[in-house]
Amino acid sequence: MNAVSRLSAPELLACAEELADLLADTVDGGASVGFLAPLGRVAALSWWEDRADAVSSGHLAVWVARTEGRLLGTVSLAFPDKPNSRHRAELVKLMVHRAGRGRGLGRTLLTTAEQAAAAAGVTLLHLDTETDSPAESLYCSAGWTRLGAIPDYAATPSGELRPTTIFYKRVGTGSVGAGDR
């Protein structure tokens, strides 16, 4: 059974080692999530610990998925701080451990983030993902709209430059406001 929960800053710090393991596994598996291989444990741990202030301030929301107590996935929403952009958020770092793939965790995390965004008053989500990656198929099947691709946007963990595809999705309804993040 999958249990998804949103982390507070102290909770993020408490499970930072598990999140670091997930990040390292994702990079080792070849996913382009902003890091080059090999990703050392210290660097992965530091990256997650550095997110705590953004979680505390409400600029970042982080969810984790656990199966039988094991952290196997995460997703985040990054909220802009400018008054004219509070109606949107960026979906970032959707990751599922290789041991947890094929169980619907990615879809569950994506749905959780979409629903939470709508509940917070967000009406527009956007993201970028490596073109032709398995993640791209997930977003297409979940009703996201493909906007286009940017060539040579990011390097894979092995250092190969690859295009990225930009997606957006309208969620929720309402007017522009700060929402309840």
Q | Viscosity 0.890 mPa s, temperature 25 °C, Stokes-Einstein D of region 2-170 from Kirkwood C-alpha radius, µm²/s | A | 151
Q: Please work out the C-alpha center-to-center distance from region 106-124 to region 32-100 and express it in whole Å.
A: 14
Q. How much net charge surrounds T123 when only other residues with a Cβ under 13 Å from its Cβ are counted (Lys, Arg +1; Asp, Glu -1)?
A. +3
Q.
To check you understand DSSP bridge types, tell me what percent of the beta bridges within the chain (both residues inside) are antiparallel, rounded to 5.
A. 90
**Q.** Among 89-96, 154-161, 39-46, 105-112, the order from most to least packed when residues are scored by Cβ within 10 Å on average
**A.** 89-96, 105-112, 39-46, 154-161
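None of the figures in this text is laboratory data; all of them are computed from the coordinates on show. What you see is a predicted model, and the numbers here were worked out from it, not measured in a lab. Note that each Cβ is placed from the backbone with ideal geometry, even for glycine, and that neighbours are counted across all protein chains shown.
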